[in-house]
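Input: a single structure, listed below in structure tokens.
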Amino acid sequence: MDGIETKVLLVDDEEGFVAALRKRLSIRNVKVVAAHTGEEGLEKLSSEPDIDVVLLDVKMPGMDGITTLREIKREYPTVEVIMMTGHATVESAIDGMKLGAHDYLMKPCEVEELMVKVEEAKSKKRAHQDKILEATGRELQRKRGL
């Protein structure tokens, strides 16, 4: 951990799982914002711009995880998503990775394994944001003739 609080959006329709994971992550300096549907998750992303990583359940009623992932990547391309499911199939894992998921974990997973994946995803997001800032700065300098 880098000492800076990590902010995670947990999107899962199982309220008991959300409550348990929120508790386990909060003692590891992770702030958890919860949503119980894909639609609610997208709303939370729009109102919480400092989300580092999304933990996204694949199987949910209504907007499923794959559809939600597609929307997240369309609207928030630098946000990293870790797909989670208790009902994994090879097809859903492949679909998620093709659509830009950072990783894919089976529920339940060890919290330490999850924390490693969250930190990797957070670092990847930061690196993307740094590259964008650097490119933007170079473009501004070029326009100003510097």
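Any read-out appearing in this document is the output of simple, stated calculations on the displayed coordinates, not a laboratory observation. Please read these numbers as outputs of a predicted model, since none were measured by experiment. Because the Cβ atoms are built from the backbone with ideal geometry, glycine has one as well, and the counts that use them run over all protein chains shown.
For the range 64-79, how many residues are of a type outside the set (Val, Ile, Thr), under 11 Å from Leu42 (Cβ atoms) and surrounded by 19 or more Cβ atoms within 10 Å (Cβ to Cβ)?
Counting residues in the range 64-79 that are of a type outside the set (Val, Ile, Thr), under 11 Å from Leu42 (Cβ atoms) and surrounded by 19 or more Cβ atoms within 10 Å (Cβ to Cβ) gives 1.
Among the candidates Leu45, Leu55, single out the residue that is in contact (Cβ under 8 Å) with a residue 60 or more places away in the chain and hydrophobic (A, V, I, L, M, F, W, C).
On the way: Leu45 fails: in contact (Cβ under 8 Å) with a residue 60 or more places away in the chain.
When all the criteria are applied, what remains is Leu55.
Filter the range 1-53 down to the residues that are of a type in the set (Ser, Thr, Tyr) and closer than 25 Å to His128 by Cβ, then identify the one that is surrounded by the most Cβ atoms within 10 Å (Cβ to Cβ).
Filtering the range 1-53 down to residues of a type in the set (Ser, Thr, Tyr) leaves 6, 26, 37, 46-47.
With closer than 25 Å to His128 by Cβ added as a condition, the list becomes 6, 46-47.
Numbers: Thr6: 20, Ser46: 10, Ser47: 8.
Looking at residues that are of a type in the set (Ser, Thr, Tyr) and closer than 25 Å to His128 by Cβ, I get Thr6.
Mind checking which pairs have a first residue in the range 90-117 that is polar (S, T, N, Q) and a second that is part of a strand (DSSP E or B), Cβ under 9 Å, 6 or more apart or different chains?
From the range 90-117, the pairs are Ser92/Met83; Ser92/Thr85; Ser92/Tyr104.
Can you work out which of the residues in the range 32-56 that are among the hydrophobic types (A, V, I, L, M, F, W, C) and either in a helix (DSSP H, G or I) or touching a Cys at 6+ places or on another chain (Cβ under 6 Å) (or both) is nearest to Glu80 (Cα to Cα)?
Just the residues of the range 32-56 that are among the hydrophobic types (A, V, I, L, M, F, W, C), to begin with: 32-35, 42, 45, 51, 53-56.
Retained after the next criterion (residues that are either in a helix (DSSP H, G or I) or touching a Cys at 6+ places or on another chain (Cβ under 6 Å) (or both)): 42, 45.
Numbers: Leu42: 14, Leu45: 12 Å.
The residue in question is Leu45.
Any idea how many residues of the range 86-114 are closer than 21 Å to Phe17 by Cα and in contact with a Lys or Arg (Cβ under 6 Å, 6 or more places away or on another chain)?
4
Residues to consider are Lys59, Lys73, Lys117, Lys122; find the one that is in a helix (DSSP H, G or I) and either more than 19 Å from Arg24 (Cβ to Cβ) or over 11 Å from the mean Cα position of the chain (by Cα) (or both).
Details: Lys59 fails: in a helix (DSSP H, G or I); Lys117 fails: either more than 19 Å from Arg24 (Cβ to Cβ) or over 11 Å from the mean Cα position of the chain (by Cα) (or both); Lys122 fails: either more than 19 Å from Arg24 (Cβ to Cβ) or over 11 Å from the mean Cα position of the chain (by Cα) (or both).
The conditions single out Lys73.
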